[in-house]
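Remarks on the structure that follows.
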Amino acid sequence: MVGQTGIGERDFQRALEIGRPPNVVKLFPNSRALIVSGKAIDRAMLAKGRAMTIAASVRNSFVARGALMAAQKANAAIIIEIAKSEGGAEAYCAVSLWNMARLIDALCNELGITVPVAIHADHYGIKKAKDAETAKTEIPSLFDAGITSIAIDASHLPDADNLKANLELNQFIPVWAGYETEVGEIKGKAGLSTVEEALFLIQGLNAHSIFPDWIALNNGTTHGIEKDDAGIQVDLTARIHQALEPYKVSGAQHGTSGNSYDRLRAIVQQTRTTKANVATALQMVSWGLKVNEYGNAYQDENGEFVKLPGVGPSDEVWEQMKAYAAEKGWKGGDFKKLNLPFENKLLGRTREERDRMAEAVEDFVYNMIANVFNAADTAPLAIEAILKAGSYDLGPKGTRIEDPAAWAMDKISKRAESLAPDKGPEGNFED
């Protein structure tokens, strides 16, 4: 057996030979890291049934290390990701869209990770026409750097423009790659996604023979620190997923940090969600901060985060991080910006400190995968999907059922007129 995958060495070797996409093979020709398309991860969750895996946002390398160790321990297929806002051209993290695959490949080989891993560019945001033009060059560069899955997020735009942006940019995404789309910007209980909006986006894509693996919704949650107990609206999510069932698209749950285990288990059991993004919680855990069981960081009466003794970096380093944040005027969610200036400082700490940062993440992620998300033992299912397909390209789940003529580009704006225009308040809701 190879690791804990339940797959024999012969099948694992075959999966390495045929399951790694061409960009990954080119970058890492001698690697034993099973870096695969996001499609394989989605198919594994569907094969198990009522399962979603973590899409761990690796804002620092300790999160990457801990998440991979947890996936290996749980024998789970996993997604490693970073968002454009976190690791793009204006990054606040040292881990980026262009070095993430190299980091993950190196860690997999170092740690003996044998579970399938997808490398996902999350929230590739399109907010204006200039963004779409930049994307035509930038998206290919991401795949050149080893990305195997991407989320085109034009949810900030009106529905017609969201659909048009996805149609325009799809030609730059390899057909084998995992593909996520989004309707409704993630901004809590304001501007919630509707069944009609989701159908408009997925039907329009379907008419053009584009079949997303995932759709993300504004279903009531937020990025960053969850400020109230509203969180994910499971019933809304279930209604939208039911309406989309003919199109065979899975759900991607954003803003997972801070939601209760009961709510997350309900999302798993009552919807078609197979991907759960976790970012802020993993960052806080790696820094040794006190979080509740759901990953929401505690703040004292002065609004300061509570550092646990003997966990994460030393108290001395944490004081340096706080002082740096104070100098910059960063509070609360803005602490995320500490990732970039402190990555190398943290990498230069003692092995004990570095190990405990990664191990804290490992413990947190393992519990989520095994005891909340029902994703344990999905690694062999992803490998089986690759072996069955005989290729790194698993093909689409859906087929075209919409009339292309009814969704011609000149008809999209007219069709969108019946949709509710309320998108919630303006502002920056990224994290």
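Annotations
- Sequence ranges 391-403, 238-250, ranked by mean other-Cβ count within 10 angstrom, highest first: 238-250, 391-403
- Estimated FRET transfer efficiency when R0 is 60 angstrom, pair Lys322-Ser31 (beta carbons, to 0.05): 0.95
- When all alpha carbon pairs of the range 312-381 are counted in 5 Å bins from zero, the resulting P(r) reads 3, 14, 18, 18, 15, 12, 11, 6, 3, 1 %.
- Cα-based reach from Lys345 at 27 Å (exclusive), listing lysines while leaving out same-chain residues under 8 positions away: Lys84, Lys290, Lys307, Lys322, Lys328, Lys331, Lys336, Lys337
- The translational diffusion coefficient of the range 147-216, from Stokes-Einstein at 20 °C and 1.002 mPa s with a Kirkwood hydrodynamic radius over alpha carbon pairs, comes to 175 µm²/s.
- Semi-axes of the equivalent ellipsoid for the range 9-111, Cα gyration tensor, largest first, Å: 22, 17, 13
- Here the chain carries DSSP beta bridges of which approximately 10% are antiparallel, counting only pairs with both residues inside.
- Divide the volume of the convex hull around the Cα atoms of the chain by the residue count and you get 127 Å³ per residue.
- Spin-label model, Trp330/Ala106: points 7 Å from Cα along the beta carbon direction are separated by 2.2 nm.
- Label sites at Ser418 and Val306, each approximated as a point 7 angstrom past Cα along Cα to Cβ, lie 5.3 nm apart.
Read the figures in this text as sums done on the coordinates, not as results from a lab. Here the structure is a predicted model, which is why all the values come from computation and not from measurement. Because the Cβ atoms are built from the backbone with ideal geometry, glycine has one as well, and the counts that use them run over all protein chains shown.
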